[in-house]
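Participant: Below: one structure in structure tokens.
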């Protein structure tokens with residue numbers, strides 16, 4: 001019924017999050033999207049942006065994926081439904097509310113092919129010993145990436161966890177001027193990666209995609 005009514009007018013439910021403030025789960029034109037006050041979190045423009053990134057890599061060669069920032073799981077849905085990805089996923093999400101929304105509202109739940117960790121992404125990679133063929137970094141609080149995830153300390157650990165010939169996708173954000181941040185991040189990844197930068201994808205987010213040499 002909500003899907004049908006959403007073609008007439010949007011139907012919104014507000015959910016409180018300790019980390020992101022007021023979340024808005026909205027049915028609109030037959031689709032259910034999750035937004036914060038300032039940006040789309042899942043199943044809207046963000047899903048399209050990460051789909052763009054996935055289209056630039058060879059998904060069929062990927063066996064293990066690390067997703068830093070599950071949100072409501074839209075990139076998992078894209079991997080499985082559009083790219084027929086059947087490999088393993090380790091998903092890390094600090095917000096228990098978002099983990100619950102992903103499962104209850106979108107049926108993105110832990111299963112035989114996906115482990116969901118409620119944890120801080122930096123703390124998780126500090127203790128991780130697994131190599132991944134794809135790491136997706138999509139770590140936002142509302143519409144900003146916390147500065148720690150641009151740091152050399154974070155990236156120096158992260159890049160060691162990309163398998164040879166594996167990829168990373170880094171959603172760098174949507175700030176008006178990321179020039180200095182981009183220069184630092186690319187330097188931190190260094191010459192071990194072939195890097196490609198995509199500015200203002202869909203008019204908003206900047207993406208960095210790397211392949212380990």
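Participant: Most fluctuating residue of 54, 178, 88 in a GNM of the chain with Cα springs under 10 Å: which is it?
Facilitator: Result: 178 has the largest fluctuation of those listed.
Participant: With a 10 Å Cβ neighbour count serving as the proxy for reagent exposure, in which order, fewest first, do 147, 22, 120, 138 appear? Working shown, then result.
Facilitator: On the way: 147 9, 22 12, 120 16, 138 23.
Arranged by neighbour count, lowest to highest, 147, 22, 120, 138 become 147, 22, 120, 138.
Participant: Right, next: Could you tell me which label, among (i) 1.31; (ii) 1.07; (iii) 0.99, carries the value of Cα Rg over 2.2 N^0.38 Å calculated for this structure?
Facilitator: Here Cα Rg over 2.2 N^0.38 Å agrees with entry (iii).
Participant: Contact order normalised by length for the range 44-212, with contacts defined as Cα pairs under 8 Å and 6 or more residues apart; what percent is it? Numbers along the way, then the final one.
Facilitator: Numbers: 280 pairs, mean separation 35.3, N = 169.
Relative contact order of the range 44-212: 21 percent.
Participant: Going out from 0 in 10 Å bins, what whole percent of all Cα-Cα distances in the range 120-206 drops into each bin?
Facilitator: Calculated over all Cα pairs of the range 120-206, the distribution is 15, 53, 29, 3 percent.
Participant: Now, a different point. What is the spin-label model distance, in nm, from residue 14 to residue 177 if the labels are put 7 Å beyond Cα along the C-beta direction?
Facilitator: 3.5
Participant: Could you put 186, 174 in order, starting from the residue whose Cβ has the fewest other Cβ atoms within 10 Å? Walk me through the intermediate numbers first.
Facilitator: On the way: 186 16, 174 20.
Starting with the residue having the fewest Cβ neighbours, the order is 186, 174.
Participant: While we're here: What is the spin-label model distance, in nm, from residue 56 to residue 188 if the labels are put 7 Å beyond Cα along the C-beta direction?
Facilitator: 1.8
Participant: Give me the three principal axis extents of the range 64-137 from the C-alpha atoms, as integers in angstrom, largest value leading.
Facilitator: 30, 27, 20
Participant: A further question follows. For the range 69-94 and the range 129-164, what is the separation of their C-alpha centers, rounded to whole Å?
Facilitator: So the separation of the two Cα centres works out to 16 Å.
Participant: Find how much the distance from residue 48 to residue 31 grows on full extension, using 0.36 nm per residue of separation minus their present alpha carbon separation; answer in nm with one decimal.
Facilitator: Values: separation 17, 0.36 × 17 = 6.12 nm, distance 1.37 nm.
Here the segment from residue 48 to residue 31 would lengthen by 4.7 nm.
Participant: Springs between alpha-carbon atoms under 10 Å, Gaussian network over the chain: tell me which of 79, 172, 34 tops the mean-square fluctuations.
Facilitator: Residue with maximal mean-square fluctuation among 79, 172, 34: 79.
Participant: At 7 Å along Cα-to-Cβ for each site, give me the label-to-label distance between residue 161 and residue 113 in nm.
Facilitator: Simple spin-label model gives 2.2 nm for this pair.
Participant: In percent, what relative contact order does the range 77-164 have, based on Cα pairs under 8 Å that are 6 or more apart in sequence?
Facilitator: Working: 71 pairs, mean separation 23.0, N = 88.
Answer for the range 77-164 is 26 percent.
Participant: Relative contact order for the range 16-63 using alpha-carbon pairs under 8 Å, separation at least 6, rounded to a whole percent? All intermediate terms of the calculation are to be shown ahead of the outcome.
Facilitator: Details: 38 pairs, mean separation 9.5, N = 48.
After rounding, I find 20 percent.
Each reported figure results from applying straightforward, stated rules to the coordinates on display, with no laboratory input. Just so it is clear, the structure is predicted and the values come from calculations on it, not from any experiment. Neighbour counts are summed over all protein chains in view; Cβ atoms, including those assigned to glycine, are modelled from backbone coordinates with ideal geometry.
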